[in-house]
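A.B. asks: My questions will all concern the structure given below.
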Amino acid sequence: AQLAIQSARSIDPLLNKSLMALDVDLAPNDHDELIKARDAALTALHSYADELEKRLPKMVDFSPMGEANYNYYLKHVLLLPLNGNEVEMIGRAELARYRALEALLPDPKLADPDPKRAAQIPPDQESFLKAYESREAEMISFLKEHNLVTLPGYLGPFQIRQLPDAFKPTSPGGFMNPPGVYDKDSTGFFFIPTYNPESKNFYIRAAIEDPRPILGHEGIPGHFLQLSIANHLNDEIRRQHEDTVFIEGWALYGEEMLMRTGLYPNNSPAQGQILRLSRYRAARIGVDVNLHTGRWSFEQAVKYFMDAGGLDREAAEGEAAGAASSPTQKISYIIGKWQIMNLLGRYKDKQGENFRLGQFHDDLIKNGSLPVSVVEWLVLDDPSAIQQVLK
């Protein structure tokens, strides 16, 4: 509720600026209706925040869904061949691995972003946005030169915008908006945190030092590419379905794939970021499972993000809030990546001398955002994973 209050009271710039971009060449009556609707929405949101604040003293603490419901969701909605305990075990194993890989860096401090190490520190927000755009072009060139994935001709521009204040409480690292499923405009947007070279926030520090790891996750080859391809499928079910484990697993897999294929040099800040990003995604699993099965409190979740995930408190609170508001979403990253890595190894063995990494990526994302257990059946002609789920 406190985070909802904070978001509602930060909404004004979003509606006063972003919404009013629609007010172009509107007829006078339409202009008046837009203003009227905007003002009514602002009044309602502020009233909602006031009402929540009045009710805060009587509100109960966070109420978990419980282990039985959690396992039901994993099996019947996500079609995962894993229960909550198995998911948590994978999270602990991956957390241990990435913490150790940080320690094995020639300079372990590279895993903790520091803008002062950047070759060029952007002087202002506008330069910050342009830095993202130039690095995006660099990443696209790398993907093409190394034949790592096919970029279809219908792929639109991926534009960088500042994160509205209203979204900071639960999305401190920013987020992307893909083109709509039926939208004729193929543009995607990535909303990035407000530029502040003195910030202690992990995401802002990482973005200033080197934006490419997170940019690759949100843009190309990550969400923007994968969801744009899904939007152009003829099969309506595959076009519409949005399995978060596949979507986030693909984007996280792409972060490390770019590092392993040579985009980032050894002992570079980008390499350190990749390890820290995977480390705290692994910490997300412990938070998600334990928070929603009722084993942990919200404060325990925040502390775990700080201690195990290596995040500052501001970022940790935002992460915990996101986990609390969306059960199972936070397991999607590592579990999806883990499934894709398993699939990659089996695909390579099956292809033998004909194996090409770029072909695997094309085969993986050409079917839309389906559960990985279903994608495995399509790619390997092996239904064993989905059969295990359906037992």
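A.B. asks: Here are some conditions: (1) out of contact with any Leu (no Cβ under 6 Å at 6 or more places or on another chain); (2) in a helix (DSSP H, G or I); (3) surrounded by 10 or more Cβ atoms within 10 Å (Cβ to Cβ). Asn29 meets all but one. Which one does it not meet?
C.D. replies: (3)
A.B. asks: Has segment 39-47 got any residue that is of a type in the set (D, E, K, R), assigned to a helix (DSSP H, G or I) and surrounded by 13 or more Cβ atoms within 10 Å (Cβ to Cβ)? Working first, answer last.
C.D. replies: Residues of segment 39-47 of a type in the set (D, E, K, R): 39.
Narrowing the set further to residues that are assigned to a helix (DSSP H, G or I) leaves 39.
Right, trim to surrounded by 13 or more Cβ atoms within 10 Å (Cβ to Cβ) and you get none.
No, segment 39-47 has no match at all.
A.B. asks: While we're here: Which condition breaks for Asp23 when tested against (1) modelled with pLDDT of 85 or more; (2) in contact with a His (Cβ under 9 Å, 6 or more places away or on another chain)?
C.D. replies: Evaluating Asp23 over (1) modelled with pLDDT of 85 or more; (2) in contact with a His (Cβ under 9 Å, 6 or more places away or on another chain) leaves (1) as the failure.
A.B. asks: Can you confirm whether Gly91 is in a helix (DSSP H, G or I), within 30 Å of Val287 (Cα to Cα), of a type in the set (Gly, Ala, Ser) and under 21 Å from the mean Cα position of the chain (by Cα)?
C.D. replies: yes
A.B. asks: Does segment 348-359 include one or more residues that are touching a helix residue (DSSP H, G or I) at 6+ places or on another chain (Cβ under 8 Å), at negative phi and surrounded by 18 or more Cβ atoms within 10 Å (Cβ to Cβ)?
C.D. replies: No, because not a single residue in segment 348-359 is touching a helix residue (DSSP H, G or I) at 6+ places or on another chain (Cβ under 8 Å), at negative phi and surrounded by 18 or more Cβ atoms within 10 Å (Cβ to Cβ).
A.B. asks: Looking at segment 360-378, which of its residues are closer than 18 Å to Ser228 by Cα and either small (Gly, Ala, Ser) or without any contact (Cβ under 8 Å) to a residue 12 or more places away in the chain (or both)?
C.D. replies: Within segment 360-378, Gly368, Ser369 meet the criteria.
A.B. asks: Condition check: over 20 Å from the mean Cα position of the chain (by Cα), small (Gly, Ala, Ser) and surrounded by 12 or more Cβ atoms within 10 Å (Cβ to Cβ). Does Ala119 satisfy that?
C.D. replies: On the way: over 20 Å from the mean Cα position of the chain (by Cα): yes; small (Gly, Ala, Ser): yes; surrounded by 12 or more Cβ atoms within 10 Å (Cβ to Cβ): no.
The answer is no for Ala119.
So that you can scan it fast, the table gives a plain yes or no per residue for (1) in a helix (DSSP H, G or I); (2) over 14 Å from the mean Cα position of the chain (by Cα); (3) within 22 Å of Gly222 (Cβ to Cβ):
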{"position": "Tyr253", "(1), (2), (3)": "yes, no, yes"}
{"position": "Asn266", "(1), (2), (3)": "no, yes, no"}
{"position": "Ser278", "(1), (2), (3)": "yes, no, yes"}
{"position": "Arg281", "(1), (2), (3)": "yes, no, yes"}
{"position": "Gly286", "(1), (2), (3)": "yes, yes, no"}
{"position": "Trp296", "(1), (2), (3)": "no, yes, no"}
{"position": "Glu319", "(1), (2), (3)": "yes, no, yes"}
{"position": "Ile331", "(1), (2), (3)": "yes, no, yes"}
{"position": "Ile335", "(1), (2), (3)": "yes, no, yes"}
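A.B. asks: Could you grab the pairs with beta carbons closer than 7 Å, sequence gap of 6+ or different chains, first residue in segment 182-195 and of a type in the set (A, V, I, L, M), second one outside any loop (DSSP other than H, G, I, E, B)?
C.D. replies: Correct list of pairs: Ile192/Tyr132; Ile192/Ile160; Ile192/Gln162; Ile192/Ala207.
The values are calculated or read from the model by the stated rules, or taken from the named source; none is laboratory data. Source: prediction; values computed, not measured. Don't worry about glycine lacking a Cβ; one is built from the backbone with ideal geometry, like all the others, and counts go over all protein chains shown.
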